[in-house]
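Let me begin by presenting the structure, written as structure tokens, before commenting on it.
Values in this text are rule-based calculations from the coordinates and carry no lab data. It should be emphasised that the depicted structure is a prediction, and the values quoted were computed from it without experimental measurement. So basically every Cβ, Gly included, is an ideal-geometry build from the backbone, and we count neighbours across all protein chains shown.
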Amino acid sequence: MSSQVSATPSPASILVVEHIAADLQSVSEALAPLGYPLVHATSGHETRDQLFRERWGCVLADVQAPGLEVVESLVQRVPLLLLTPTPREEALLLRGCACGAVEYLLKPVDPDVLRTRVKALLERLEGERTAPVLEVPDDTEQVRARQRTEALAANLQCSEERFRAFAEATSIVLWSADATGNVVEDSPSWRAFTGQSYEEWRGYGWLDAIHPEDQPKAYEAWRRAYESRGFYEVEYRLRRKTGGYSDVLARGVPLFKPDGSVREWVGTVSDITERKRDAEERERILRELAEAVRTRDEFLSVASHELKTPLTPLSLKLQVLARTAEARAIPAERLPKDIEVMRRQVKRLADLVNDLLDVSRISTGRLQLQLDEVDLSTVVREVVAQFEPQAVKAGCLLELRAGQSVVGRWDRLRVEQVVVNLLSNAIKYGAGKPVYVRVEAEGEWALLQVRDEGIGIEPEHLGRIFGKFERAVSERHYGGLGLGLYITRQVVEWLGGSVSAESRPGEGASFRVKLPLRGPPESP
């Protein structure tokens with residue numbers, strides 16, 4: 001005997017689990033035309049009390065909403081649609097897919113697409129609920145049981161297919177373990193990544209593929225997750241099949257039985273090597289920016305002081321000359337001295353400005369070279385002669401060894417600039433002691449050496465003295481912008497050569513310049 005029973009249930013409600021107010025409003029507005037009651041929640045936990053009170057037709061859950069573990073209970077009863085701002089939330093999405101989520105949509109969701117998907121789910125659910133139910137004889141109970149089993153198996157297979165398809169789409173490594181954490185199921189993606197066989201990675205063999213230094217950290221993270229039955233997340237270095245290690249992010253979640261006990265663990269391993277490299281890179285850029293700001297501020301402080309230094313005596317001398325001129329009482333013997341002081345200060349100011357201009361040209365690649373045949377010996381002799389008065393005043397004896405001509409294809413003014421910078425430093429830091437200058441040819445190279453017996457350079461400073469605005473001593477004791485050696489190195493390299501320094505504290509410093517006789521390359 002059989003009978004037909006039908007029912008027309010009231011409209012089902014739609015549960016929207018969304019923790020962002022703006023997104024909750026947009027989803028609600030998109031679903032409003034469907035005419036189904038909407039129930040809002042900002043977390044999975046807020047839906048717990050309503051779980052058995054409402055008749056749910058569909059659940060929309062933001063994959064990032066807190067307390068999403070209630071999804072497992074929800075999807076046993078109604079279709080689940082995940083909303084995610086990115087398909088890279090692998091662990092959470094995989095958990096939803098493993099529990100039976102129908103699919104996921106990317107945020108921001110197109111209103112028409114969202115209504116179409118939800119409407120299809122609701123219509124299918126209503127069709128199943130309003131379909132006639134035939135009361136069958138007791139002797140067909142085995143048939144009904146078999147049908148229920150087949151339907152359950154089909155649902156499980158569908159979930160499994162969704163799970164695998166999502167994993168392949170995101171190119172991640174999948175893993176699963178039993179309730180105690182032992183790996184019992186094969187993972188082709190793990191084998192492909194690490195090269196471990198199934199026999200090697202089962203149980204706790206997966207730890208062997210982790211860098212030895214990271215194994216304790218990985219195991220401790222797993223132990224905490226296992227004891228709390230919570231979310232598992234840890235970064236470690238994982239050995240690649242092709243050799244070497246990659247930085248990875250491992251995540252996992254427990255799946256529960258109806259009685260609340262853990263059934264198994266599922267998770268992912270994502271290669272984050274590029275992501276971390278981009279983050280060491282960002283830190284490096286920030287450090288360089290901070291250093292650039294520090295250097296700029298220091299330079300502005302030094303530059304303002306250095307530029308004022310020649311201006312102050314120059315201004316005073318001009319004031320004195322102006323007053324004496326008004327009084328028409330300028331002593332004849334004093335005028336040449338005053339003019340010489342002003343000339344030196346004007347030259348110093350001009351040198352500072354020229355250094356700044358050279359730095360600007362070098363930084364923008366606009367340093368111009370006027371190449372011609374230049375005798376390095378002649379240039380050095382002329383510069384040494386110019387520095388004789390300054391050397392005598394500083395108590396330095398200048399000793400020059402430049403016998404034969406050393407002719408190369410260079411820019412005479414730039415070569416002179418190099419000699420001036422090196423000789424000026426030697427007299428400044430080696431005051432009271434001899435300064436030695438030597439010029440010679442060695443094969444296809446011209447060699448220039450300037451050596452003093454002054455204060456020397458500390459080892460920790462020797463590597464940076466050729467940098468922009470760098471100095472190995474305090475600017476309080478020695479003036480300058482810290483640009484001389486920087487410009488020297490840049491000019492020498494533009495001419496195709498090199499410059500190096502050797503020094504010991506208290507034993508002076510020696511600078512050695514090598515220039516190719518054939519001149520610089522076509523594109524310095």
Karplus-derived HN-Hα couplings along segment 436-442 (A = 6.51, B = -1.76, C = 1.60, θ = phi - 60°), whole Hz, x at Gly and Pro: 10, 10, 9, 10, 7, 10, 9
Would you mind estimating how fast segment 371-516 diffuses translationally, via Stokes-Einstein at 10 °C and 1.306 mPa s with the Kirkwood radius over Cα pairs, in µm²/s? 104 µm²/s
Dipole moment magnitude, nearest 20 debye, segment 171-271 about Cα centre, only Lys, Arg, Asp, Glu C-beta charged: 80 debye
Normalised per residue, the volume inside the convex hull of the alpha-carbon atoms of segment 171-271 in Å³ amounts to 86 Å³
Phi to ³J(HN,Hα) by Karplus 6.51 cos²θ - 1.76 cosθ + 1.60 over segment 408-415, Hz, x for Gly, Pro: x, 9, 9, 9, 4, 5, 6, 5
Run the numbers on segment 171-271 and let me know its relative contact order in percent, using alpha-carbon pairs under 8 Å that are six or more apart. 30 percent
Backbone HN-Hα couplings from phi across segment 204-219 [Karplus 6.51/-1.76/1.60, Hz, Gly and Pro as x]: 10, x, 4, 5, 5, 7, 8, 3, x, 5, 9, 4, x, 5, 5, 5
Checked against a 31 Å limit on the C-alpha separation, the offending pairs among Lys347/Lys468; Lys428/Lys468; Lys107/Lys241; Lys107/Lys217 are Lys107/Lys241; Lys107/Lys217
Give me the percent relative contact order of segment 371-516, please, defined on Cα pairs under 8 angstrom at least 6 residues apart. 23 percent
